[in-house]
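Input: a single structure, listed below in structure tokens.
Here, each number is a calculation from the coordinates, and none is a lab measurement. Everything numeric here is computed off the predicted structure, so don't read it as measured data. So basically every Cβ, Gly included, is an ideal-geometry build from the backbone, and we count neighbours across all protein chains shown.
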Amino acid sequence: MVKPTLLVLAAGMGSRYGALKQMDGVGPNNEAIIDYSIYDAIRAGFGKVVFVIRHSFAEAFTKIFNKERFGGRIEVEVVYQELDYLPEGFSVPEGREKPWGTNHALMMAKDVINEPFAVINADDFYGADAYRVIGAYLAERGGESGHYCMVGYEVNKTLSENGTVSRGVCSVDNDGFLTSIVERTKIERNAEGTIVFHDLGEDEALEEQTPVSMNLFGFTPDYFVHSEEYFKGFLSDEKNMANPKAEFFIPLMVNELVSNGTAKLKVLSTTAQWFGVTYQADKPQLVAKIEELIQSGVYPRNLWE
């Protein structure tokens, strides 16, 4: 049985957080969220981890997160996302400083992943059960092209008390397959206690149990081919080239493939609780949660000993 790979998106600079949160210690021995993600992935049967980072902090990152840190338990690869890593014939438009987004970052791994893979954000704590669920699904489906998956979380369990968050809001059919996913970038609980998003201007409400994507997806390698073709179209759109903040999100690509019938995507349920550190003020809650999990035996106090 082929072991799936874990693709970790760690190229973001943490503008709202104010630091390289990919490397920030949250465990009792300065373990980062990445450490717990890798630990959970190893237990779930993943055989390789691929980090997507930037050259600007590569030396500091790879000095910490390498094969030796994980005790040789998992193969490690590093790839890079940069603003000018574009298809032939395209160039960075004047004034563009922001990276091209999560699906562009994912595309950087096409030469080192040839097996089913899960993709995660470096700064999201997904929980052990989430890796078990998606790892089992990827192993079960083998190399079946065009049959993807994601772990869905209820939106009420993914908010921050310290500001708005971005989430891929999902619609799911009666068989558990995704019908659409829309990226909403300003979700919060308002003063009346209702969950709303207002990236379109007026507040629009979301039900408490609305399934959302936390960028925990499972793909097969054909996804890279689809992404390369669609990205060329994205870059050919004058509106995207004129907008210095336009991003090629994973949900954008997934929505296109699902809506045109190229792929199906199963939304998987998990008992895991998501935690994140969008803002510095989110960190104490995560630190406390990890300590609670250590006390209950989910993780050892010294993770890599």
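Order of T271, T185 from fewest to most other C-beta atoms within 10 Å? Numbers along the way, then the final one.
Details: T271 10, T185 14.
Neighbour counts put them in this order, fewest first: T271, T185.
Can you find, among V119, G297, A246, the residue sitting farthest towards the positive end of the charge dipole of the chain, where Lys and Arg contribute +1 and Asp and Glu -1 at Cβ?
Value computed over the given set: G297.
List the residues, sorted by chain then number, that are 5 or more residues from G101 or on another chain and whose placed amide H is less than 5 Å from its amide H.
Result for G101 returns F248.
Find the centroid of the Cα atoms in the range 53-69 and in the range 195-218, then give the distance between the two in whole Å.
Distance between centres, Cα-based: 33 Å.
How far is the Cα center of the range 284-298 from the Cα center of the range 125-171, in Å?
When both Cα centres are located, 21 Å separates them.
Within the chain, which is the longest segment containing none of the chymotrypsin sites (Phe, Trp or Tyr not before Pro) that sit in a DSSP loop and have at most 16 other Cβ atoms within 10 Å? Don't skip to the answer; put the middle values down first.
Details: sites that count: Y85, F90, W304.
Free of exposed loop sites, the longest segment is 91-303.
Is the range 122-249 best put as rounded, prolate or oblate by its Cα gyration tensor, with a ≥ b ≥ c the root eigenvalues, rounded for a/c under 1.5, and otherwise prolate when a/b is larger than b/c, oblate when not? Intermediate values should be presented prior to the final figure.
Numbers: a/c = 2.04, a/b = 1.15, b/c = 1.77.
The shape class here is oblate.
Let me know the charge dipole size of the range 5-295 about its Cα centre in debye, to the nearest 20, where only the beta-carbon of Lys, Arg (+1) and Asp, Glu (-1) is charged. Working shown, then result.
Details: 26 positive and 43 negative charges, 122 e Å.
The calculation lands at about 580 debye.
Using the crude model of +1 on Lys and Arg Cβ and -1 on Asp and Glu Cβ, and no other charge, please compute the dipole size for the range 121-183 relative to its Cα centre, in debye to 20. Working shown, then result.
Details: 4 positive and 10 negative charges, 11 e Å.
Dipole magnitude for the range 121-183 comes out near 60 debye.
Can you give me the relative contact order of the chain as a percent, contacts being Cα pairs under 8 Å and 6 or more apart?
On the way: 571 pairs, mean separation 76.7, N = 305.
So the answer I get is 25 percent.
Most mobile of I74, I250, I195 per a Gaussian network model of the chain (Cα springs, under 10 Å)?
I195
How would you rank L83, L293, going from fewest to most other Cβ atoms within 10 Å of each one's own Cβ?
Exposure proxy ranking, most exposed first: L83, L293.
When the Karplus curve 6.51 cos²θ - 1.76 cosθ + 1.60 is applied with θ = phi - 60°, which whole-Hz ³J(HN,Hα) does each residue of the range 127-141 get, with x for Gly and Pro?
Per-residue couplings from phi come out as x, 4, 5, 5, 5, 4, 5, 6, x, 5, 5, 5, 5, 5, 7 Hz.
Against the globular-protein guess of 2.2 N^0.38 Å, express the Cα radius of gyration of the chain as a ratio, rounded to two decimals.
Working: Rg = 18.5 Å, N = 305, 2.2 N^0.38 = 19.3 Å.
Relative to the rule-of-thumb radius for its length, the chain sits at 0.96.
Per the helix-only calculation at 222 nm, which mean residue ellipticity applies to the chain, given -39500 (n - 2.57) for every DSSP H run of n ≥ 4 and division by its residues, nearest 500 deg cm²/dmol?
Numbers: 8 runs with 81 residues, N = 305.
Roughly -8000 deg cm²/dmol at 222 nm, from the helical runs in the chain.
Only loop residues by DSSP count here, and only those with at most 15 other Cβ atoms within 10 Å; note down the trypsin sites (Lys or Arg not before Pro) in the range 196-303 that meet that. The partial results should precede the final answer.
Details: sites: K232, K239, K245, K264, K266, K289, R301; in loops: K245, R301.
For trypsin sites (Lys or Arg not before Pro) across the range 196-303 that sit outside H, G, I, E and B with at most 15 neighbouring Cβ atoms in 10 Å, the list reads K245, R301.
Excluding residues on the same chain fewer than 8 positions from K186, give the lysines whose Cα lies under 24 Å from its Cα.
Hits, sequence-local ones excluded: K21, K98, K157, K239, K245, K283.
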